[in-house]
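Okay, structure first, notes after.
The values are calculated or read from the model by the stated rules, or taken from the named source; none is laboratory data. Remember, predicted model here, so these are calculated numbers, not experimental data. A quick note on method: Cβ atoms are made from the backbone with ideal geometry, for glycine too, and the neighbour counts reach across all protein chains shown. The accessibility values were calculated without ligands, DNA or RNA, using every heavy atom of the protein model including side chains. Shrake-Rupley method; radii C 1.70, N 1.55, O 1.52, S 1.80 Å.
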Amino acid sequence: MTQTPAGPHDYAEAPAGGLAVGEAPLGEPGEEVVAAGGKAIVGRSPGQLAWIRLKRDRVALVSGIVLVVMFILAIAAPLISKLYGANATDQHSDLLDTSGYPLGYLGGISGSHWLGLEPQLGRDVLMQLIYGMRTSLVIAFVSAIITVAIGIIIGIIAGYAGGVVDSILNWVIDLVLAFPFFIFCLAAIPVVTDAVYGSRGDVSALFRVGLIIGVFACFSWTYPARLVRGQVLSLREREFVEAARAAGAGMGHILFRQLLPNIWAPILVVFSLNVPSFITGEAALSFLNIGVVEPTPDLGRMINNGTSFLQTDPFYTMVSGATILILVLAFNLFGDSVRDALDPKSSR
Amino acid sequence: MARYLIRRILLAVVTMFAVSVLTFLLFFAVPTSPAYVMCGKQCDAHAIAQTEQRLGLDKPIVTQYGEFMKGIAVGRTYGTGDLAVKCDAPCLGFSFRTNEPVTDIIKRTLPVTVSVVVGALVIQLVIGVGLGMISALRRGTAFDKAAVGVSLVGASMQIYFFGPILLLIFVYSLHWLPNPAYTSPFDDPFKWFTQMILPWVTLGFLNSAIYARLSRAQMLETLSEDFVRTARAKGLPKRKVYARHALRAAITPIVTIAGLDLGGALGGAVITETVFGVNGLGRTSVNAVNDLNLPVVMGTVLLAAFFIICMNIIVDVLYSVIDPRVRLS
């Protein structure tokens, strides 16, 4: 198992007495070879090896199941809403007492409202959570995909072109890193909203979501770009690239067919760690009232609303906080497992 | 060394310039006139034009930028004649809401934020690095497993969830601590401490989870290196090897990260201060953002960028001091 997926497909690297011989390019199923001793040796690609390692990992299994459940909940939110008999925006004010707190214990838990009601507005907490998860996951995934895509393109260009292009892109990366990301997000979102909408009032939810994704993408591509650039720098002088060049391959072929398949592993790891950081970033923005606007349900805003009732109805804050914690923890654990599976030599 | 420093500082100046131009464009090129924001809905066109003139918003954007930078360097005067208001260097303008000079607002709120950040940094370095180092040395023991577990959960925990939990327990339920606020440590050190301990613990504990993971990984890597084995082989006692050789090698990257974190600490302080209702620079800037109080926001962004850029240089220089193998070039 000396073959690491991050390296190029070097035939020479296969261990002499090893069981697994990585001999096929990524993704292709290996063929069975019968060794001298009679025991069958199965050739496996680095991708298959990583998958086998991931399947053996119990933490990956548990966190994976949690994630799948949360995904299903988020995707099937409208269906669940129908079956459950409440949606995220209906206000059940008849179930609140005169000062706006839910009747009953633990934030008004009952058979028809499993996690109780929101103080003051009387919206169903469970449905708010499920729809809030939907908001988080959409923003986090779209941001992560865009971030990584920009990072790959810029990183490959900088690493492969070198020279002046590399220097300029590097300086741009340094510049972006010098921006106080969070403070700038904070400042840019209301200002841009104001610039587009002025005093016209109602900001569309889609615009705000798009803006948050845009700001995240603008400031987070630097890390994947640096990573890809470093990988490309170390790979571009290798024999297989030289061979491709000697065979007359064009630049596009070398960049995307020769180099890119070799750097998928670290990119995947960055992606899997980007998603939870965007989930928390988005929740933090909403916590500060700068994220997604009402009536789009959002986990961060739920916590923010909850802090004003912390003394009287702590359950509301705890439920929404715990949901973010579970979501982020599951992503982080799964990301760690993916990294371990792709690169078994790395230690935590 | 001197040449390297000069080059880095020049580059930092260029970067700072770029940051200021971009921030300025973002805030002052927006279609909604800051004058409109400033005087609100009751202002008529005439009043807005007057305000614009006083703030110099009727001039071309390049001139406005020039005057803004001049204000920072040597101070400037807003308006003309009787209405002239002098603003001393470093002038970042006046708050749209209270007319207080932005520089004064920063001077008033920065100590609060520094208080929060430095206290948290001490906690995260002591607990985080300590936990990481010990669990690396006792790899595989129950202590190690517990530390890894705690740091895993801690690294996924959020200030805006952990803060309310602590508030609920220690302030609202047990009444052990007063509601967090800021009192100058020079006036009443005890009050300062009891009011600040929750923000410190919240920010520091969550960050220490990240530091624990990092320093554990770093220490494990160092312990497997040849020089550690050599030191042991030549007969040095374990304690000396760990304290003198391994610790020094393992701590270098952590110093770097701590420095960079300190530069970007304002981001974390924003949420901490909002959770606990402490009126520091972070909370002030959030309020300013929600009010579209542009001069205050602009001042905060520039100051935060300045911190980040400075810390980058300091960390690079410090790195070469701690680790003689690093040559600055």
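Descriptive notes on the structure:
- Answer residue from the range B:223-255, given it is open to solvent by less than 30 Å² (accessible area, probe 1.4 Å) and within 30 Å of B:Ala305 (Cβ to Cβ) and is farthest from the chain's Cα centre (by Cα) among those: B:Thr252
- B:Ile123 being of a type outside the set (Phe, Trp, Tyr), within 18 Å of the chain's Cα centre (by Cα) and within 11 Å of chain A (Cβ to nearest Cβ): no
- Flag for A:Ala225 being more than 14 Å from chain B (Cβ to nearest Cβ), in a helix (DSSP H, G or I) and without any contact (Cβ under 8 Å) to a residue 24 or more places away in the chain: no
- Scanning the range B:3-19 for residues that are in contact (Cβ under 8 Å) with a residue 12 or more places away in the chain and within 18 Å of B:Val315 (Cβ to Cβ) returns B:Tyr4, B:Leu5, B:Arg8, B:Ile9, B:Ala12, B:Thr15, B:Met16.
- Considering B:Ile134, B:Ile123, B:Ile127, B:Ile61, the condition of being free of Cβ contacts under 8 Å to residues at least 24 places away in the same chain, open to solvent by 30 Å² or more (accessible area, probe 1.4 Å) and among the aliphatic types (A, V, I, L, M) is satisfied by B:Ile134 alone.
- Test for A:Thr312: is it over 20 Å from A:Thr135 (Cβ atoms), within 14 Å of another protein chain (Cβ to nearest Cβ) and open to solvent by 20 Å² or more (accessible area, probe 1.4 Å): yes
- Across the range B:145-162, the number of residues qualifying as within 11 Å of chain A (Cβ to nearest Cβ) and either among the acidic types (Asp, Glu) or buried (at least 17 other Cβ atoms within 10 Å of the Cβ) (or both) comes to 12.
- Within the option set B:Val289, B:Val270, being without any contact (Cβ under 8 Å) to a residue 12 or more places away in the chain and either closer than 18 Å to B:Val117 by Cβ or within 9 Å of chain A (Cβ to nearest Cβ) (or both) holds for one residue only, B:Val289.
- Filter pass, A:Ile326 being open to solvent by 30 Å² or more (accessible area, probe 1.4 Å), within 19 Å of A:Ala284 (Cβ to Cβ) and part of a helix (DSSP H, G or I): yes
- When restricted to residues that are in a helix (DSSP H, G or I) and within 25 Å of A:Val165 (Cα to Cα), the range A:207-222 contains 8.
- Taking the listed residues A:Gly108, A:Gly151, the one that is at pLDDT 90 or above and either in contact with a Pro (Cβ under 8 Å, 6 or more places away or on another chain) or open to solvent by less than 60 Å² (accessible area, probe 1.4 Å) (or both) is A:Gly151, with no other qualifying.
- Helices (runs of 4 or more DSSP H) contained entirely in the range B:122-232, each with at least 3 residues that are over 30 Å from A:Ala283 (Cβ atoms): B:130-137, B:142-156, B:189-223
- Residues that are within 13 Å of B:Val201 (Cα to Cα), within 12 Å of chain A (Cβ to nearest Cβ) and open to solvent by 30 Å² or more (accessible area, probe 1.4 Å), drawn from the range B:163-182: B:Ile165
- Tally, over the range A:300-309, of residues that are assigned to a loop (DSSP other than H, G, I, E, B) and surrounded by 18 or more Cβ atoms within 10 Å (Cβ to Cβ): 1
- Residues that are within 11 Å of another protein chain (Cβ to nearest Cβ) and among the acidic types (Asp, Glu), drawn from the range A:149-199: A:Asp174, A:Asp194
- Residue in the range A:236-244 that is within 25 Å of the chain's Cα centre (by Cα), on the phi < 0 side of the Ramachandran plot, buried (at least 18 other Cβ atoms within 10 Å of the Cβ) and not β-branched (Val, Ile, Thr) present: no
- Taking (1) within 20 Å of B:Tyr160 (Cα to Cα); (2) free of Cβ contacts under 8 Å to residues at least 40 places away in the same chain in turn, A:Gln258 satisfies each apart from (1).
- Selection of first residues in the range A:38-67 that are closer than 13 Å to A:Ser337 by Cβ and of second residues that are not in a helix (DSSP H, G or I), restricted to Cβ pairs under 7 Å at least 6 apart or on distinct chains, gives the following pairs, ordered by first then second residue: A:Ala50/A:Pro5; A:Arg53/A:Pro344.
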